[in-house]
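What follows is one structure encoded as C-alpha cells, with my remarks underneath.
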Amino acid sequence: MEKLDLTRLYKPYYTAKNKPELLEIEPAKFISIDGRGDPSGSGFQADIQALYALAYTLKFISKEAGKDFVVAKLEGLWQFDEKAYGEIKLWEAPVLIPRRDWEYRLLIRIPAFISATDVEKAKEKLPFKKPGLQTDKLKYVEQTEGRSVQILHKGPFQNEPATLKLMDEFMIIHGLSRNGMHHEIYLSDFRKTDPEKLRTILRQPVK
C-alpha cells in the first residue's frame, strides 16, 4: 500500500527560504485544537498530545480503508488581544506580550480525502484508546491563508524576534500589513530536538 506523505505532495507549503518571500498559500484541511497560555505549560502539552492522538487515530482508520498516510508536521497559529496591547510590531510581540496571554490554535494538516465526518468518528474512538484526553476541543477546520510572507527560522524560539524583524521590514518595503494570525510550522519536533537545531517556518498572512 502506498503511503501518502503530505510534506512531499505539498512541498512548497513545507518549504521556506532564509530570507522573506511573498507567496500564495493554497486552501487546506486540518485537525485543530484551540487554547490559551504559556506553551511551556502542562495545558499546551496536553493539547499537543490530544491532537496527535486524533491524527494517529485517523491514520489507522484510513489505513484499514486502504488509504495510508504519514502524519504531517505540527503547526501553530498565534494571536493576542490587540485592543488590550495596542499596535505592536510583529517582532516585538514575543518580547512584549506575556506568554500567558497568547491564544493559539494547534494544527496538523490532513489529506483531502478525510472529511469532517471522518474526524468526528475518530474523536468518538479516542476516549477508549486514550482515556483522560481533552477531546471536546478537537475539531476539523478548513483554512485559506492566501497571500502570505514567510521565512525560515533556524535555532531557538527565543531568537525568533530577529527573524520576525526581517519579515516586518519586508512587509514595510512592500506596503503589506498583517491579515490574520501569525503562523508557525514546526519542521523539527521541539520536544526532542536540540534548540540550536530547530527549523521553523514563520508565516504571516498579509493584505
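The values are calculated or read from the model by the stated rules, or taken from the named source; none is laboratory data. It should be emphasised that the depicted structure is a prediction, and the values quoted were computed from it without experimental measurement. With ideal geometry, Cβ positions are generated from the backbone for all residues, glycine too; neighbour counts draw on all protein chains shown.
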### Message
Looking at the structure I just gave you, is Val70 surrounded by fewer than 17 Cβ atoms within 10 Å (Cβ to Cβ), modelled with pLDDT of 95 or more and within 26 Å of Ser188 (Cβ to Cβ)?
### Response
yes
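Take Asp47 and decide whether it is in a strand (DSSP E or B), among the acidic types (Asp, Glu) and under 14 Å from the mean Cα position of the chain (by Cα). Steps first, please.
Working: in a strand (DSSP E or B): no; among the acidic types (Asp, Glu): yes; under 14 Å from the mean Cα position of the chain (by Cα): yes.
Criteria not met by Asp47.
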### Query
Among the residues of segment 34-43, which ones are at pLDDT below 95 and either closer than 17 Å to Val119 by Cβ or part of a helix (DSSP H, G or I) (or both)?
Ser42, Gly43
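Out of Pro39, Pro20, Pro98, which single residue is within 16 Å of the chain's Cα centre (by Cα) and on the phi < 0 side of the Ramachandran plot?
Within the list Pro39, Pro20, Pro98, the selection yields Pro39.
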### Query
So which residues in segment 1-57 are of a type in the set (Phe, Trp, Tyr), over 25 Å from Pro131 (Cβ atoms) and surrounded by fewer than 18 Cβ atoms within 10 Å (Cβ to Cβ)?
Tyr10, Tyr14
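More than 23 Å from Arg199 (Cβ to Cβ), surrounded by 18 or more Cβ atoms within 10 Å (Cβ to Cβ), modelled with pLDDT of 95 or more and not hydroxyl-bearing (Ser, Thr, Tyr) - does that describe any residue in segment 58-67?
Filtering segment 58-67 down to residues more than 23 Å from Arg199 (Cβ to Cβ) leaves 58-67.
Keeping just the survivors that are surrounded by 18 or more Cβ atoms within 10 Å (Cβ to Cβ) gives 58-59, 62.
Then keep just the ones that are modelled with pLDDT of 95 or more; that gives 58-59, 62.
Filter once more, keeping what is not hydroxyl-bearing (Ser, Thr, Tyr): 58-59.
Yes: segment 58-67 contains one or more residues that are more than 23 Å from Arg199 (Cβ to Cβ), surrounded by 18 or more Cβ atoms within 10 Å (Cβ to Cβ), modelled with pLDDT of 95 or more and not hydroxyl-bearing (Ser, Thr, Tyr).
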### Candidates Leu164, Leu126, Leu176, Leu152 - the one that is in contact with a Phe, Trp or Tyr (Cβ under 6 Å, 6 or more places away or on another chain) and of a type in the set (A, V, I, L, M, F, W, C)
Leu164
### Query
From the list Lys123, Lys130, which one is surrounded by 19 or more Cβ atoms within 10 Å (Cβ to Cβ), closer than 30 Å to Lys67 by Cα and at pLDDT below 95?
Lys123
